[in-house]
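No lab work stands behind these numbers, since they all come straight from the coordinates. Note that the structure is predicted; figures quoted are calculated from it, not measured. FYI the Cβ positions are ideal-geometry reconstructions off the backbone, even for glycines, and counts take in every protein chain you see.
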Amino acid sequence: MAEYIIIAAARDEAQLIRYTLESVIAQRVRPVEFIIVNDGSTDGTDVIIKAYTQKYTWIHCVDLPDRGLYKYGDGIIQAFYAGFKKIKSKNYKFIVKLDCDLSFDEYYFENLLKEFSGNPNLGIASGQTYYLNRRGKLVWEDAPLDHTVGPSKVYRRECFEAINGLKISLGWDHIDEVTARMKGWETRSYPNFKLLHHRVMGSRLGILKGLMRHGHADYITGYHPVYFFAKTIYRVFSRPLIVGSAASFWGFFKSYATATKRIVDRDVIQFYRTEQLNKLKQLRFWKLYLIKYKFIKE
C-alpha cells in the first residue's frame with residue numbers, strides 16, 4: 001500500500017517549504033521516495049532541503065540551475081520530470097506531484113491510497129485546497145469533484161503511463177484528467193481530505209495576473225466558449241469581485257483574438273467540450289452556484 005513516490009518542485013519557497021516537508025515526514029504511510037527539485041532557488045530553499053536530506057535517507061534533492069524567473073506550466077512540469085528521471089524504485093504503484101506551499105494532516109496520503117484501493121478504475125485523485133483568510137477562517141478554493149487539484153495530484157502508475165505522463169505546458173492539470181477520463185479512468189477530488197494552501201491558488205505573481213493566466217489556459221486546453229462564459233458568471237461574486245471574472249475573460253478572449261494554438265488533440269477537445277455541455281444541462285451545476293453565493297440554502 002505504501003509504494004508511492006512524491007516529486008515536488010520548489011523555487012524560492014524558503015518561507016513555506018517546511019510546512020510541506022514536515023507534513024510528508026508526519027505521514028502515517030510514508031512514501032518510498034520523496035524527491036524535491038530545487039528549481040534554481042536563490043532564497044536559501046536549497047539549504048533547507050539539504051538539511052532534511054541529511055536527516056532522512058528517503059528524501060532526495062535534485063538541483064536545477066537558475067533560469068532567472070518563475071515559470072508556470074511548462075517550468076513546473078520540466079522540474080517535475082527532472083525529479084522523475086531520478087526515481088530509484090522500480091516497483092512503485094503511485095506517483096505524486098506535490099507543491100511546496102502546502103500542509104496536510106498525517107492521514108492525507110493514507111486516505112487517498114484507500115480510495116485507490118477501493119476503486120480500481122480511479123486513475124487520478126487529490127484532496128481539495130483551502131486557505132486561511134484575514135479573519136482566520138478556512139476558505140475552500142472551490143473545485144469540482146472530478147477536478148484533481150494541481151498542487152497535489154496522486155496518479156495510479158498505469159493511468160500515468162496510459163496518458164503518456166504530463167503535458168509540459170500551461171493547463172497540464174486539466175489535460176491530464178480529461179485524457180484519463182477519455183481513456184476510461186475516473187478522476188476525483190475529496191473535499192474532506194484538506195490541503196492547507198499557504199499561498200492562495202494562482203497568486204504567486206498577483207491575483208489578477210493569475211486569473212488572466214487561467215483564462216489563457218482555459219482557451220488553449222479547449223474550453224467550450226459557452227461553458228467558459230458560465231464559469232465566468234459562476235465566479236463573478238468571488239474575490240476580487242467582478243474584476244476577477246473580467247481578468248479571466250480577458251485572458252481567454254485575448255487568446256481567441258490572437259488565434260493562439262491549442263495544445264491538445266482535437267479528439268480530447270471534443271470529449272472535454274461534451275463533458276462541459278453535459279454539466280451545464282445538470283440542475284446540480286446551477287444549484288451549487290446558488291448555494292455558493294447564498295441565494296438558496298443547501
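Quick notes on this one:
- Computed log10 I(q)/I(0) for region 4-197 at 0.08, 0.13, 0.16, 0.17 Å⁻¹: -0.24, -0.66, -1.03, -1.17, from the Debye equation with unit scatterers placed on every C-alpha and solvent omitted.
- Each peptide among 77-90, 14-27 gets the average number of other Cβ atoms lying within 10 Å of its residues, and from highest to lowest they stand as 14-27, 77-90.
- Using a simple spin-label model with pseudo-atoms 7 Å out from Cα toward Cβ, Thr42 and Asp63 lie 1.7 nm apart.
- Cβ charges +1 (Lys, Arg) and -1 (Asp, Glu), total dipole of the chain, debye: 800
- The calculated FRET efficiency for the pair Gln78 and Lys137, based on their C-beta separation and a Förster distance of 41 Å, comes to about 0.70.
- For region 73-156, the equivalent ellipsoid built from the Cα gyration tensor has semi-axes of 24, 18, 12 Å, listed from largest to smallest.
- Available extension along the chain between Lys85 and Ala26 is 18.7 nm, counting 0.36 nm per residue and deducting the alpha carbon span.
- Kirkwood Rh (inverse of mean 1/r, distinct Cα pairs), region 201-278, angstrom: 12.7
- One decimal place: the segment Ala246-Phe229 gains 5.0 nm when fully extended, by the rule 0.36 nm per residue minus the C-alpha distance.
- Estimated from helices alone, the mean residue ellipticity of the chain at 222 nm is -12500 deg cm²/dmol (sum of -39500 (n - 2.57) over DSSP H runs with n ≥ 4, per residue).
- Annotation: the residues Arg28, Arg157, sorted from fewest to most other C-beta atoms within 10 Å of their own C-beta, follow the order Arg28, Arg157.
- Proxy reagent accessibility, fewest Cβ within 10 Å first, across Ile5, Ile36: Ile5, Ile36
- The ranking of Ser41, Ser248 from fewest to most other beta carbons within 10 Å of each one's beta carbon is Ser41, Ser248.
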